[in-house]
Amino acid sequence: MTRKATFPFLLALLLTTWSCNQKKTYELEVIFDNVNGLYENSTVKLSGLDVGKVKSLKINDEKPLVTVEINNDVKISNNAIFEIRNQDYLGTKFINIRPSHRTSRPLENGDTITGYYTHDEPTIFSDISSVQNADTAILLIVRPILDSLGYEIVRKKQTR
């Protein structure tokens, strides 16, 4: 390779390497009172759309501190509300971000915000914990599955 041909090749290689190493996300730290059901790689959503994931969970000053990675093209205001919500009936959680419509500054890499743990829909396990009879507990698990398949459960009256 001649010296003239080498320079453009090296320049293209350098630019490609630089662009591949650019971070495509920014990190925010969210302080919660409770992170039960939230795990690393849990989804972060903004208005129902996936915009990031949970990078790590740790304790800081006796409170759970969650580090989230947000896609660079997503701007979130410092008035937005971060809340932990149920993702499914098995108790898996995700972080939902409710945007603020008030004018405020956007959050930047490394910012810390306070989040909230919401107690929304019950999970299968919370329903089962309050049930005394095992057959009723099984019905709580099986009924939604059978309903989705079009089957109906009819309980017979017990005769003595």
Review point. Any idea which of (1) in contact (Cβ under 8 Å) with a residue 60 or more places away in the chain; (2) more than 13 Å from the chain's Cα centre (by Cα) is the one Tyr89 doesn't satisfy?
Key: (1)
Review point. Could we say that Asp61 is at pLDDT below 95 and either exposed (fewer than 15 other Cβ atoms within 10 Å of the Cβ) or within 14 Å of the chain's Cα centre (by Cα) (or both) here?
Key: yes
Check your understanding: Looking at this structure, is Asn86 in the same structural domain as Ile31 (by TED's automatic domain parsing), out of contact with any strand residue (DSSP E or B) (no Cβ under 6 Å at 6 or more places or on another chain) and not charged (D, E, K, R)?
Key -> yes
Check your understanding: Does Arg98 satisfy the condition of being modelled with pLDDT of 75 or more and at negative phi?
Key -> yes
Exercise for review: Determine which member of the set Asp50, Asp88 is exposed (fewer than 15 other Cβ atoms within 10 Å of the Cβ), at pLDDT 95 or above, acidic (Asp, Glu) and under 28 Å from Ile145 (Cα atoms).
Suggested key: Asp50
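The values are calculated or read from the model by the stated rules, or taken from the named source; none is laboratory data. The structure displayed is predicted, hence computed values, not measured ones. Cβ sites come from the backbone with ideal geometry, for glycine too, and all protein chains shown count toward neighbours.
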